[in-house]
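A short worksheet on the structure shown next.
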Amino acid sequence: MAKQIQAIRGMNDILPTQSPLWQKLEAVLRDTVAAYGYSEIRTPIVESTDLFKRSIGEVTDIVEKEMYTFADRNGDLLTLRPEGTASTVRAGNEHGLLYNQEQRLWYMGPMFRHERPQKGRYRQFNQFGVEVYGIASADIDAEVLMMSHRLWQKLGIGEHVKLELNTLGDAQERAAYRDALVAFLEQHKERLDEDSQRRMYSNPLRVLDSKNPDVQALLGDAPALMDYLGEETRGHFAHLCELLEAVGIQYEINPRLVRGLDYYNRTVFEWVTDSLGAQGTVLAGGRYDGLVGQLGGKDTPAVGFAMGLERIVLMLETLELTDDVPGTVDVYVTAMGDDCRVAAIKVAQQLREVDGLRVMSHCGGGNFKKQMKRADKSGAKLAIVIGETELANGQVALKYLREEKEQELVAQDSLAAYVAELI
Ligand code: ATP
Ligand code: MG
């Protein structure tokens, strides 16, 4: 036999048994953003490499080592998008959506990062995100957090996630802090690992995000960014905290939270869970007031978040919250004998007129036992059986597959209305 070709490592198939859960999650996401009046944006999966270098930052994990970059046939450097914000800003600038306008947008789709695959971390993964432009005040920061909070409630995982919040200040405040932090890190250079030593000059704030416990221990004594923030930044942050309290959203201020992308300023946040082991961040985002200008547009305040769908699916599975995910078939229609086949096909077609009813028609013949086996396997609640007698009488037999209920005879003419009542 020929050797089978396998999928690329870290790039997953979503199989028919898994897709109902994905569809349910996607439907909850769409309904939630709709309830807030957000509009969908869809951007290409491939963009110029420069877009991500200029936005995410040269000295970040993503740009340094995670991007899928290749030369197009004509030599242009292209990259499979590793995240959605840069593309959204690029599209917004290109189509004049951001110029003196407010936009509340959302997107959903695959992202690509060449990381070491493990549970909750893949090379192709899906993100759902929202991006809001043109609003500087903290009420919109609160809105996107309220939206994410509502998502957890709708998905039934509110008890298993918590919100961590921080503010990074504006560029000037960060520059002053950066000097103080570098001075501190220089004094303790020998206690830093290789990665942190390298980042100390290129991107010192990223050292705060180090996963190395020794580095984290050292950082306990490092200067705190909060102490370098001006009145306006503090006021913005305090207002956000007030709003969250007013709507009953609990949070924890984490002064080490810096995020792995360079474009953030002021508010940053992560929703984290301990149900997933190491890959505990399920949603992350913040304010990025500088990015629109940095990518050639007019300076525009912006705030957004991205959520990793695989991690949410894993959570729903781990917490066994998959019971109410619907199957794909409600009614399975069978025919006993060739004479009944045409009638069965017609009955199935009639039933599909019922709004939302999912009807599978048995194909390929076979005896009663075989057809009933298929009916059961389909997950349908009802089976329709048409045999010679039913055919002669203009009726069908209706069998309840998941309930202890007697079979019924129903006239073909009134079947659709009858089934519509049952399901
Ligand atoms: P991490 O610290 O886990 O690497 P990140 O800071 O790189 O996350 P973001 O770029 O902020 O992540 O992406 C937002 C969300 O997308 C993450 O919180 C996570 O849920 C999800 N995500 C990021 N990278 C991956 C990946 N390789 N596989 C699956 N999900 C991912
Ligand atoms: Mg990462």
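Using a Cα-Cα cut-off of under 19 Å, which lysines could be cross-linked to K189, ignoring same-chain neighbours fewer than 8 residues away?
Those lysines meeting the cut-off are K211.
Evaluate the Kirkwood expression for the hydrodynamic radius of the range 331-422, namely the inverse of the mean inverse distance over all pairs of different C-alpha atoms, and round to one decimal in Å.
Across the range 331-422, the inverse of the average 1/r is 12.9 Å.
Enumerate the lysines that K399 could reach by cross-link, defined here as Cα to Cα under 26 Å, with residues fewer than 8 away along the same chain left out.
K399 reaches K346, K369, K370, K373, K377, K381.
Which whole-Hz couplings ³J(HN,Hα) result when phi for each residue of the range 87-95 is put into the Karplus expression 6.51 cos²θ - 1.76 cosθ + 1.60, θ = phi - 60°, listed in order with x for Gly and Pro?
Going residue by residue, I get 5, 5, 5, 4, 5, x, 5, 4, 9 Hz, with x marking Gly and Pro.
What full-extension length gain, to one decimal in nm, is calculated for K298 and K211 as 0.36 nm per residue of separation minus the Cα-Cα distance?
This chain segment gains 27.7 nm when fully extended.
Out of all Cα-Cα pairs in the chain, roughly what percent, to the nearest whole number, are more than 28 Å apart?
Across the chain, Cα pairs with separations above 28 Å total 59 percent.
State, in angstrom, two size descriptors of the range 280-379 derived from its alpha carbons: Rg to one decimal place and Dmax to the nearest whole number.
25.1, 72
Which angle between 0 and 90 degrees, to the nearest 10, do you get for helix 138-155 versus the longest principal axis of the chain when only C-alpha atoms count?
Helix 138-155 sits roughly 30 degrees off the main axis of the chain.
Kindly provide the helix-only [θ] at 222 nm of the chain, computed as the sum of -39,500 (n - 2.57) over DSSP H runs of four or more divided by all residues, to the nearest 500 deg cm²/dmol?
Result for the chain: -11500 deg cm²/dmol, rounded to the nearest 500.
In degrees, nearest 10, range 0 to 90: what is the angle between the Cα axis of helix 368-377 and the longest Cα principal axis of the chain?
Helix 368-377 and the main axis of the chain meet at about 20 degrees.
Which residues make up the longest stretch of the chain that has no trypsin sites (Lys or Arg not before Pro) in a DSSP loop with at most 11 other Cβ atoms within 10 Å?
74-210
Taking the solvent-accessible surface of protein heavy atoms with a 1.4 Å probe, what is the per residue accessible area of the chain in Å²?
Here the residues of the chain average 50 Å² of exposed surface.
The values are calculated or read from the model by the stated rules, or taken from the named source; none is laboratory data. Remember, predicted model here, so these are calculated numbers, not experimental data. Because the Cβ atoms are built from the backbone with ideal geometry, glycine has one as well, and the counts that use them run over all protein chains shown. Each accessible area value is taken on the protein alone, full model and side chains, heavy atoms only, with ligands, DNA and RNA left out. Shrake-Rupley method; radii C 1.70, N 1.55, O 1.52, S 1.80 Å.
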